Amino acid sequence: MYIELANQIRIHSLQMVYSAKASHIGSALSIADILGCLYGGVLNIDPQKPEWLERDRFILSKGHACVAVYASLALCGFIDLSILKYYGQDNSMLSNHVSHNVPGVEFSTGSLGHGLPFGVGKALFAKKTGKKWKTYVLMSDGEFGEGSNWEAMLFAAHHSLDNLIAIVDYNKLQSLNTVEKTLNIEPLYDKFSAFGFNVIEVDGHDNVALKNTFLSIPSDINKPTIVIAHTIKGKGVSFMENKVEWHYKSPNQHELASAISEIMGA
Amino acid sequence: MRNAFIEELVEQATKHENIALIVGDLGYSVVEPFANQFPDRFFNAGVAEQNMTGLAAGLASEGYHVFTYSIANFSTFRCAEQIRNDVDYHNLAVTVVSIGGGLAYGALGYSHHAVQDYSLIRCMPNMLIASPGDSQEVKACIRFLIDNPQPSYLRLGKTSKLNFHKDIPKLSPGKWLSIVNNKEITDTILSTGGALEIAINWRNKSTEFLNWNIHSMPLWSMKEKPLQPLQVANFSNVLTIEDHLQDGGFGSWMMESLIGRKELIDRLNTKALDPSICKLTGSQNTLNTLGGLRLFD
């Protein structure tokens, strides 16, 4: 089920960026399996009640990968699938960075380094008021260049926010070059661990491993969790994988057909 | 003003369980009454203002009214994008509190001079500026903000312990409060924030403004500009005064509100700090004098 949802997320994401001639398809394909897993059953959410008080909170900090979230929300029933065609159009609520005007989206992002501090605030609220829901924040690897994330990590660990789960989409490719050659963040596991987090590494495209990881995170460990999801930018479309240009390019008609064909044949 | 702030916040927090205070590792000998009485709603974010503001927005998104507290530019410029994107754009009940408004920390150097903060905050569509002129206005501002939770900025200066209001005034955004009312005079000095004391100094000791009326406007924002022409029209001359640079400041805001009304613009003059003070350090009075705000001590 998770694989099918992830592939549908990929196909709708491709169609959206094609129609809008938008960027960031590589980033969206990178997180499709993570979102397929979260929206496929890990998140405790109700599409009929987007603002249900007991829902888990999901925040996309890498807001440029929004098409994957819009597709997830549509495939789960938060919004109608038919409105995805308005992505990136004038006056559409589906803006090219994730928008809280869309039912099911908690927080608008676009500038990196904002999602985790905001999620920390939500997790702190839940902790202080005895709520059982969890806060998930999906982040990019490149955004760990932002100091605000490290500030937030210090705070989350200091306050033992074990209801906070950060996920790093570690595709190791940034806007112009690799993370390693841009602003190296390794050794990532050791850094997160030293910051007081429960750190888990997982194949970000292994749906079973992702599911097992998320469902096995203990809720009483007195420390926040961060999942390093090893991913491939552009995953699922061979000619987009690990290619920096697909941070920016949108596919032409032929490339779109080829990409969808490859995903459907997977 | 700081003491009036914490007194009122404690009083309001006893009535409103959703009020929280986050400090950026500042507030020694000020914030303890709140911290001691409401330990579950008091957080020291450490020296980390971006996270302080982002997490304040997260808390506010769940129903809290959060006050973030730090000195001068730390709670504003250091985390400007968090205020813009997280607080203002999402229209959340976060009140950014800055202490040392104007040149209250003049001796501490340029890093501590809050003379550009209005310009930053007033360019955000949802932010309400609360800039009280005395302790009574501090309490009035807090009461208004708690009754009307919204993105807001509370600028606290360091003024004398004089109160210019007998009672806590009732505030309405964009409305001028009468401080000195002389019906025979049709000229007024209009101040915001800690410049109120300076306005009174000008009125009492300069020949040019002798006996002028005095008004204070503690609450203002982008949304209140349409209210200004009607109020300016009541006077022959209006002089705005502020402990801030003119660029992006209170007087400039007033001038913008009168665009297209030449007959009203001709009645307006502004007095603000000269940018040359940015290179200087010294006491608040000294720098305000050198910056052209104070006439006499």
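The values are calculated or read from the model by the stated rules, or taken from the named source; none is laboratory data. On a predicted model such as this, the values are computed, not experimentally measured, just so you know. Counting neighbours? That spans all protein chains shown, and the Cβs are built from the backbone with ideal geometry, glycine included.
Numbers below:
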item	result
Answer residue from the range A:101-112, given it is in contact with a Phe, Trp or Tyr (Cβ under 9 Å, 6 or more places away or on another chain) and facing chain B (nearest Cβ under 9 Å) and is surrounded by the fewest Cβ atoms within 10 Å (Cβ to Cβ) among those	A:108
Unmet criterion (only one of (1) modelled with pLDDT under 95; (2) more than 27 Å from residue B:247 (Cα to Cα)) for residue B:148	(1)
Helices (runs of 4 or more DSSP H) contained entirely in the range A:93-204, each with at least 1 residues that are within 15 Å of the chain's Cα centre (by Cα)	A:115-129
Test for residue A:70: is it within 22 Å of residue B:90 (Cα to Cα) and in contact (Cβ under 8 Å) with a residue 60 or more places away in the chain	no
Qualifying strands (runs of 3 or more DSSP E) (wholly inside the range B:1-113; at least 1 residues being more than 23 Å from residue B:134 (Cα to Cα))	B:19-23, B:42-44, B:65-71
Top-ranked residue in the range B:180-194 [being modelled with pLDDT of 95 or more and in contact with a helix residue (DSSP H, G or I) (Cβ under 9 Å, 6 or more places away or on another chain); ranked as farthest from residue B:130 (Cα to Cα)]	B:189
One residue from B:277, B:259, B:265 being within 14 Å of residue B:102 (Cβ to Cβ) and either touching a residue at least 12 places away in the same chain (Cβ under 8 Å) or not assigned by TED's automatic domain parsing to the domain that holds residue B:150 (or both)	B:277
Odd one out for residue A:82 among (1) assigned to a loop (DSSP other than H, G, I, E, B); (2) among the polar types (S, T, N, Q); (3) more than 9 Å from every other protein chain (Cβ to nearest Cβ)	(1)
Residue match in the range A:160-169 (condition: surrounded by fewer than 20 Cβ atoms within 10 Å (Cβ to Cβ) and free of Cβ contacts under 8 Å to residues at least 60 places away in the same chain)	no
So residue A:38, is it out of contact with any Cys (no Cβ under 9 Å at 6 or more places or on another chain), in a helix (DSSP H, G or I) and within 30 Å of residue A:201 (Cβ to Cβ)	yes
Top-ranked residue in the range B:93-111 [being buried (at least 24 other Cβ atoms within 10 Å of the Cβ) and either touching a Cys at 6+ places or on another chain (Cβ under 7 Å) or farther than 26 Å from residue B:291 by Cβ (or both); ranked as nearest to the other protein chains (Cβ to nearest Cβ)]	B:94
Out of B:210, B:239, sole residue that is crowded, with 17+ Cβ neighbours inside 10 Å and either in a loop (DSSP other than H, G, I, E, B) or modelled with pLDDT of 95 or more (or both)	B:239
Given (1) touching a Lys or Arg at 6+ places or on another chain (Cβ under 8 Å); (2) outside any helix (DSSP H, G or I); (3) more than 19 Å from residue B:66 (Cβ to Cβ); (4) among the hydrophobic types (A, V, I, L, M, F, W, C), index of the condition residue B:123 fails	(1)
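Quick grid of which residues meet (1) more than 10 Å from every other protein chain (Cβ to nearest Cβ); (2) among the hydroxyl-bearing types (Ser, Thr, Tyr); (3) in contact with a Lys or Arg (Cβ under 6 Å, 6 or more places away or on another chain):
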{"residue": "A:124", "(1), (2), (3)": "no, no, no"}
{"residue": "A:129", "(1), (2), (3)": "no, yes, no"}
{"residue": "A:135", "(1), (2), (3)": "no, yes, yes"}
{"residue": "A:140", "(1), (2), (3)": "yes, yes, yes"}
{"residue": "A:145", "(1), (2), (3)": "yes, no, no"}
{"residue": "A:149", "(1), (2), (3)": "no, no, no"}
{"residue": "A:168", "(1), (2), (3)": "yes, no, no"}
